[in-house]
1. Any residue at all in the range 249-263 that's over 33 Å from the mean Cα position of the chain (by Cα), modelled with pLDDT of 90 or more and buried (at least 17 other Cβ atoms within 10 Å of the Cβ)?
2. Which members of the range 46-84 meet the condition of being farther than 16 Å from residue 166 by Cα and either among the charged types (D, E, K, R) or in contact with a His (Cβ under 8 Å, 6 or more places away or on another chain) (or both)?
3. Can you pull out the residues in the range 380-405 that are more than 20 Å from residue 711 (Cβ to Cβ) and either out of contact with any Phe, Trp or Tyr (no Cβ under 6 Å at 6 or more places or on another chain) or of a type in the set (S, T, N, Q) (or both)?
4. Test of understanding: among 370, 385, 462, 404, which residue is acidic (Asp, Glu) and assigned to a loop (DSSP other than H, G, I, E, B)?
5. Could you give me the residue pairs with C-beta distances under 8 Å whose first residue belongs to the range 524-546 and is without any contact (Cβ under 8 Å) to a residue 12 or more places away in the chain, whose second residue is in a helix (DSSP H, G or I) wherever it lies, and which are 6+ apart or on separate chains?
6. Of the numbered conditions (1) among the charged types (D, E, K, R); (2) surrounded by 15 or more Cβ atoms within 10 Å (Cβ to Cβ); (3) not in a helix (DSSP H, G or I), residue 525 satisfies every one except a single condition; which is it?
7. Restricting attention to the range 225-246, does a residue exist that is crowded, with 18+ Cβ neighbours inside 10 Å and among the polar types (S, T, N, Q)?
8. Of the residues that make up the range 303-323, is at least one more than 30 Å from residue 703 (Cα to Cα) and assigned to a strand (DSSP E or B)?
Amino acid sequence: MANSFRKFISLSVLSFFIINIHAQKIDRQQLVRRHNIIVTKADSLSSLTVGNGTFAYTVDITGLQTFPETYKKGISLGTQSEWGWHSFIDTSDFKRSEAIRTYHLNGRDIGYTVQWNSPERNKDAANWFRQNPHRLQLGTLGFELIKKNGQLATIKDIKNIRQELDLWTGHIKSHFTFEGIPVDVLTSCSPGGAILGISVRSPLIRTGRLKFRLQFPYPTGEWTDEGANWKNADRHKSFIIKRDNSFFRIQHQLDSTKYVVDLTWVQDETQNGEATIVEKMPHYFLITPDQHSSKFSFTAGFGPEEAANILPYSEIINGSELMWETYWTTGAAIDFKGSTDPRAFELERRIILSQYQLRVQEAGSFPPQETGLTYNSWFGKPHLEMHWWHTAQYALWGRLDLLERAMSWYYTVAEKAKAIAKRQGFEGVRWQKMTDNQGEEAPSSIGAFLIWQQPHFIYFAELCYREKSNLAMLKRYKDLVFATADFMASFPYYDSAKRKYILGRGVIPAQERFKAEDTYNPAYELVYWHWALQTAQLWRERMKMPRNPKWDEVINKLSPLPVQNGLYLAAESATDSYTNPEYRTDHPSVLGAFGIMPATGQVDSFIMRNTFDWIWKNWTWRDTWGWDFPMTAMTATRLGLPDKAIDALLMNVQTNTYLVNGHNYQDSRLRLYMPGNGGLLMAIAMMVAGFDGATTEMPGIPKNGKWKVQWEGLRKMP
C-alpha cells in the first residue's frame, strides 16, 4: 500500500512537472534574438534583407547597396516589389497561340504551351512570352565613399565590420571604418508600401567624403537578373521631376513601365536636413548631405507616380518594430533550448531565419518566385506547383492571414485558367504553372505538363476551413474548390479494358525526369488527385449539397498506386524507376504520396516503408532540391521514424545548406531557394504538432532523451 502511494505521488509530481513545462510560456524575444545574424566580414553570400513581404531591399556590409558587382553572384543586392514588372517592346507582334503545340494524347489532339526548337517563328514567340513580363530591379541605393586621394572606395577599404540584423525589430545595424573613420548605419523598411528608412552617423559627412548613390539598372531579359546591368543606358530614361530643400522625386521609365523614387531628408533640431542631388551620369544620381552635422537620416520610397511613397522617418522605424513584434508574438513558436543533441541549435536557427526570410520576401498578394524579392530566377515568374512549399506553412504556424492574402489572386486569374482548360477540352479551371501577376501562361516544355499544382487550391482552402470551420469560409472558396475539382475529374482518361481512370499520358510528375507523352499514373499525383476530389466532395457535404457523381466515379475508379517488387514506382509507366540511374535523381516525389499527403487508404504503409528505405539508401541526394529534405522528413514522420525525420532535415548535402542569413543555397545559379525554407517550416510543424491520426506526441521528434521541445500555437497537418 505504501509503495503504491509513493508511486502515485511520484507520478503526480511528474505529471505536474510535464504539465507546467507545456504551460510555461516561451520567451519569444529571447528565442528570436539568440539567432540575430551577425556579419563580421565581406562575404557575397551573407548579405542581409529588410522588407515587408511585398517589397524587399538587400544590403551588403555597409548597410546599403554599395558594392553590387561584388555581390552579383552571391545573394544579390536586390530591390524588388510585387508590383514592379516590365516588358520589352514586342516588335514582331507575337501571338500566344504561336507557342501552342499540338500533341496526340489518349485518342485526341491537345494543345500545350511549350518551348519550340523550330520553326524559328514559334521558337521566338515562346521565348518572348517566357521572358516577358519580367520582374524589375527597381534601383540600387548605396554609398559613394571617397578616399583621401579622391578615388572611390572598394570593398577592400571597408574595415572593422560588425553588422547585425535584429530579427525582433527588422532593423539592420551596420558598423565599419573607412580609412580609420567610423560609419554607423541603421537600415529599416516600412511595414507597408516600399519605403526605406536610413540613418547614417559618421564624421565623413562633415568632410563631404560620404555621399549616397542611386542607380537604375536596365533589365537583362535573362533567366537571372541580379540588378547590376549598367549597359543599355539609351534604352530607358530617368530624371528629376520634383525637388525642394528636403524632397526629390526621380522618375524612371522603361518602355511603357514608369515608376518613381521619392527621397526625403529628416529635419530636426540637430540638422537642417538639406542635401543636394545631381545626375552624375545617365541613371546615376548622387545625393550629398550638407556638412553641418555628422548625422544624416532620409527615406526612400519606390512606387507608382500616383502612390504615396513618403512616410516620416520615425514612422518607418516604429512601424517596423511593431510589425515584427506582432509577427513573432502572434504566430507559433518552437524552442529547443535544453536539448543535448548537437544539431538542435542549428535546426532552431534554420526555423527562426526561415520565418524571417519568408515574412520579408513572401507575404504579399501574389504567389512568389523561387528567389523571393531578391533577384530574378525564371525571369521573376512564380511557379504555382511551388506555391504550396512557399506559403502552406503559414496555416500551420498560426498565420492564416498571410496564406489567404495570396489565395485571393486565384480569383483574379480564374478566367484565364478556365480558358486553358476549355482550349484543351477539359472542364473547370486548369491552373497555370509558370505565370505572372496577370495569370498568363508562360511557355514551358516541362511546366505545361505538370499537374500537381492543380490540387493546391483545394489544400489551401481546406487549411483555411480547419482554422475557421464556418459557413463563411466555405462560401469564400467553394467556387474555385469546385471548379478545380471539375478539371480534376475531367482530366483522367478512362481505360475501358482496365475499367480504370488513367492519370495521363501527357503528364510530367513532380519528379521531372519523365517524358510527358509516355508517362501515366505517377504515384504522388494519384494520391493527391484522390485526396483533393474527396475533399471537394466533403465541401459539398458541409454545405448540404449532394455529392458530385462525376467526381465520385473518378474517385472510385482511379488507378491504384503502381507497385513493382514490393516498392512503389514513381509512375506506372516508369517500370525502370529503380534500375535506371537517371530516375534516382531530382525529387523522390513518390515519398510525397505518404508524407505531403495524409493516409488516404491508397497507400500501404508497409510498401511505403520499403520504398522509403530503398530511397534513403540509394537515392542520388546530391541531385535533389531544397524541399526534398522536408518532404522526406514528413514521410519519415508518418512512418514512425522520428530519427530519420531529423536526419533528413539536417542531411549534409549542398542543396540542404542554410547560409548565415538563413537562405537555402542550391548551387551557383540558385544561391537562395525559398521553397526549402517554407518546406522546412511545414515539416517541423508536422513533426512537433503532429498530423491527423497521429498516435504519438511530437511524432517527428526522437525519443532518445536528447531533444527538449517547447512549442506554442502550431496546428496539426492534415
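The values are calculated or read from the model by the stated rules, or taken from the named source; none is laboratory data. Fair warning: this is a prediction, and the values are worked out from it, not measured in the lab. Ideal geometry is used to build each Cβ from the backbone, glycine not excepted, and the neighbour counts take in all protein chains shown.
1. Start the filter on the range 249-263 by keeping residues that are over 33 Å from the mean Cα position of the chain (by Cα), which leaves none.
No, because not a single residue in the range 249-263 is over 33 Å from the mean Cα position of the chain (by Cα), modelled with pLDDT of 90 or more and buried (at least 17 other Cβ atoms within 10 Å of the Cβ).
2. 69, 72, 73, 75, 82
3. Those that are more than 20 Å from residue 711 (Cβ to Cβ) and either out of contact with any Phe, Trp or Tyr (no Cβ under 6 Å at 6 or more places or on another chain) or of a type in the set (S, T, N, Q) (or both): 380, 381, 382, 383, 386, 387, 388, 390, 391, 401, 404, 405.
4. On the way: 385 fails: assigned to a loop (DSSP other than H, G, I, E, B); 462 fails: assigned to a loop (DSSP other than H, G, I, E, B); 404 fails: assigned to a loop (DSSP other than H, G, I, E, B).
Result of the check over 370, 385, 462, 404: 370.
5. Pairs found: 546/540.
6. (3)
7. In the first step, residues of the range 225-246 are kept if they are crowded, with 18+ Cβ neighbours inside 10 Å; the result is 225-228, 236, 238.
From what's left, among the polar types (S, T, N, Q): 238.
Checked the range 225-246: at least one residue is crowded, with 18+ Cβ neighbours inside 10 Å and among the polar types (S, T, N, Q).
8. Residues of the range 303-323 that are more than 30 Å from residue 703 (Cα to Cα), as a first pass: 303-323.
Narrowing further to those that are assigned to a strand (DSSP E or B): 303.
Yes, the range 303-323 contains at least one residue that is more than 30 Å from residue 703 (Cα to Cα) and assigned to a strand (DSSP E or B).
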